[in-house]
Amino acid sequence: MKALAGRYVDLAIWLGLATLPYWIGAAGGYTSLGTRVVVMALAATALNFLLGFTGVLSFGHAAYFGLGAYGAGMTIKYLVPSTGLGILVGVAAGTAAAAIVGALIARLRGVYFAMVTIAFGQVFYFIAFRWNAVTGGDDGLSGWRRLPIDLGFGSIDILGNDQAFYYLTLAGFAVAVAVMAALLRSPFGRSLLAIRENERRARFLGIPVEQHIWLSFVVSCFFVSLAGALYALLNNFADPHDLRWDQSGDFVIMAVLGGMRTFWGPLVGAAIFVVLQDYLSTLTDNWMSLIGVFFILVVMFFPRGVLGMLRRRKATS
Amino acid sequence: MSLLQVDNVSRQFGSLVAVQGVSMSVAAGELRAVIGPNGAGKTTLFNLISGFFPPTSGRMTFDGRDVTRLPPHRRVAIGIARTFQITEVFPDLTVAENLRIAVEAAAGYRLRPWLSQRAAREVRDRVDALLELGSLGAKADRPIAELPHGDQRATEIMMALALRPRLLLLDEPTAGMGDQETYDITRLVRRLHQDRELSIVLIEHDMRVIFHLADRILVLAEGKVLAEGTPAEIAADERVQAAYLGKAA
Ligand SMILES: Nc1ncnc2c1ncn2[C@@H]1O[C@H](COP(=O)(O)OP(=O)(O)OP(=O)(O)O)[C@@H](O)[C@H]1O
Ligand SMILES: [Mg+2]
């Protein structure tokens, strides 16, 4: 029964996303807002692979998001005018950095892990911020744009056509999410769950905990870099703010807001966050405080997040 | 032939010497009890044998191989499994899921992103066999945190058994249990020892359990070996009576 209900939720979510460009206008939004939701949902879901399903809090995921963004932008601007190659380089850069940083910090736990991820994140931020000549410094990396995707037999115009870019992003999201879901249902995913549940027990079942945390971190950052690359393409711009600690905090907020013990929670959290941000920022410059208050209320009254709370309701009624 | 050899092992915490020059030899197929007053260093000795932390000095071999500095997961791989004084399981998961993680880890599947149908079926069968052995079948799909302490304990022991160990370390498996639960666990331990010829080291406070099960007993007090021998020898040992049995009675 539970599995069946889960399948209906999956179906509803995929249907909603697949038809989004056709209803978001009627709901008062616009297509590229939907794209932003999907990109942020990808980042938050990827963060949650580590946070919700391995039990490790990273406060520096923006670094890999930003590396994905700059990797894509700089490739297109300086090297080869190819959207596909930009994405590849962005993802490779973010993942490689995560592999190195992850190896250095996999032994740390709890607050120490979180603090050191912030510190490493800020290093990347300062590089992007200071290295004016290459990264555009404070102004960000502009003067480039996403280019039509050449399929050999034809090309897709993702620049002029918001809808085409939305579907490109959704395809990336779908593949990423399917891979993460499959991993979480595998023996590897269960070993991560074991670490979240009880690190000591996991270790004395023969699981080398540090190695698995490292792997989880790298998988998580791989998909966060993909989100970052897509985000830069969406904006035709890479912003040093994409790398900064407060962006990392936003990802954590999205995951917790939606419910970090549920697979779709981060998607729900990202949707709420992005839509609220879009709406509130037209009313006040102080939108972040309002989101902050909302976040505190959710955490106080629904500590399992919005989706976690809905699940609870259904289970008890 | 001795399976586990502990040679003059010590462990210091700051100025406290929790284990001091302890030596012990456990034969293959032996059931060894470790007893001693609170704070005697029994759990610390287990932590040393299982690799929770390294000894300050001394040496340990398992099956002739030096394991003194081997990390815990490598010791598990060569056949050393343990349970904890305070039950350590995966609280949010069901009994079957707890066992499944142990079975998959033991099968070397921990890095697999998928399993073949056949491997998945083998895992399931093994989980079922462990559920039956632990009399946990009826509770397989219950979240383990909801179950009584005795069932959590039984699950933890089954998780250790899932690893197909050659040496099983049980830290006070009957602590905090009622008479019936204590009896069940005692019977289970004896069955494991007799039917499977598993070597077991058992820390225990309950004298009935110890004298019922143990081939030999090691008595620790203040980190040192106070006495070592058969249950009959230990029962007759005056120093033991003074330091431990006397106090307990
Ligand atoms: N990780 C640790 N850090 C500091 N001191 C420790 C540590 N582990 C144990 N000790 C100390 O070492 C001594 C021996 O503890 P241990 O847990 O081995 O005793 P025990 O024989 O298992 O006692 P009990 O019967 O109460 O379980 C105690 O004084 C304890 O406080
Ligand atoms: Mg103890």
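Of the residues making up the range B:113-142, just one is farther than 22 Å from B:Leu188 by Cβ and in contact with a Gly (Cβ under 9 Å, 6 or more places away or on another chain), namely B:Pro113. Within 16 Å of ligand 1 (Cβ to nearest atom) and more than 27 Å from B:His205 (Cβ to Cβ): does that describe B:Pro54? Criteria met by B:Pro54. Of all residues in the range A:37-65, those that are open to solvent by less than 10 Å² (accessible area, probe 1.4 Å) have Cβ atoms under 7 Å from Cβ atoms of residues that are part of a loop (DSSP other than H, G, I, E, B), 6 or more apart or on another chain, in A:Leu47/A:Ser58; A:Leu47/A:His61; A:Asn48/A:Met260; A:Leu50/A:Val56; A:Leu50/A:Ser58; A:Gly52/A:Met260; A:Gly52/A:Arg261; A:Ala62/A:Arg244.
The set of residues in the range B:167-189 that are touching a residue at least 40 places away in the same chain (Cβ under 8 Å) and surrounded by fewer than 18 Cβ atoms within 10 Å (Cβ to Cβ) contains only B:Ala175. When B:Ala221 is tested against (1) within 16 Å of ligand 1 (Cβ to nearest atom); (2) farther than 17 Å from B:Thr87 by Cβ; (3) open to solvent by less than 10 Å² (accessible area, probe 1.4 Å), just one condition goes unmet, and that condition is (3). Within the range B:138-161, the set of residues being exposed (fewer than 14 other Cβ atoms within 10 Å of the Cβ) and either of a type in the set (Ser, Thr, Tyr) or within 29 Å of B:Val201 (Cβ to Cβ) (or both) comprises B:Ala145, B:Pro148, B:His149.
Applying the selection to the range A:1-26, what residues are of a type in the set (A, V, I, L, M, F, W, C), at pLDDT below 90 and surrounded by 10 or more Cβ atoms within 10 Å (Cβ to Cβ)? Within the range A:1-26, A:Ala5, A:Val9 meet the criteria.
Going by what's in this entry, would B:Val95 be described as away from ligand 2 (no atom under 16 Å from the Cβ) and crowded, with 22+ Cβ neighbours inside 10 Å? So B:Val95 passes the test.
Taken over the range A:83-107, the criterion of being open to solvent by 60 Å² or more (accessible area, probe 1.4 Å) and closer than 24 Å to A:Arg200 by Cα is satisfied by A:Ala103, A:Leu104, A:Arg107.
Do we have B:Leu111 as more than 16 Å from ligand 2 (Cβ to nearest atom), open to solvent by 10 Å² or more (accessible area, probe 1.4 Å) and not assigned by TED's automatic domain parsing to the domain that holds B:Arg190 here? Yes, satisfied. Consider the range A:188-200 and keep the residues that are touching a helix residue (DSSP H, G or I) at 6+ places or on another chain (Cβ under 7 Å) and at the interface with another protein chain (Cβ under 7 Å from one of its Cβ atoms). The one that is most open to solvent (accessible area, probe 1.4 Å) is A:Arg190.
Taken over the range B:147-163, the criterion of being more than 16 Å from B:Ser50 (Cβ to Cβ) and either away from chain A (no Cβ under 14 Å) or in a loop (DSSP other than H, G, I, E, B) (or both) is satisfied by B:Leu147, B:Pro148, B:His149, B:Gly150, B:Asp151, B:Ala154.
Scanning the range B:35-45 for residues that are of a type outside the set (S, T, N, Q) and either more than 27 Å from A:Ile207 (Cβ to Cβ) or more than 8 Å from ligand 1 (Cβ to nearest atom) (or both) gives B:Ile35, B:Gly36, B:Pro37, B:Gly39, B:Ala40, B:Gly41. Counting only strands (runs of 3 or more DSSP E) wholly contained in the range B:1-88, the ones carrying 2 or more residues that are buried (at least 23 other Cβ atoms within 10 Å of the Cβ), within 16 Å of ligand 2 (Cβ to nearest atom) and more than 14 Å from chain A (Cβ to nearest Cβ) occupy B:16-27, B:31-35.
The values are calculated or read from the model by the stated rules, or taken from the named source; none is laboratory data. Predicted, not measured: the structure shown is a model, and the values here were computed from it. Ideal geometry is used to build each Cβ from the backbone, glycine not excepted, and the neighbour counts take in all protein chains shown. Calculation scope for accessible area: heavy atoms of the full protein, side chains included, ligands and nucleic acids excluded. Shrake-Rupley method; radii C 1.70, N 1.55, O 1.52, S 1.80 Å.
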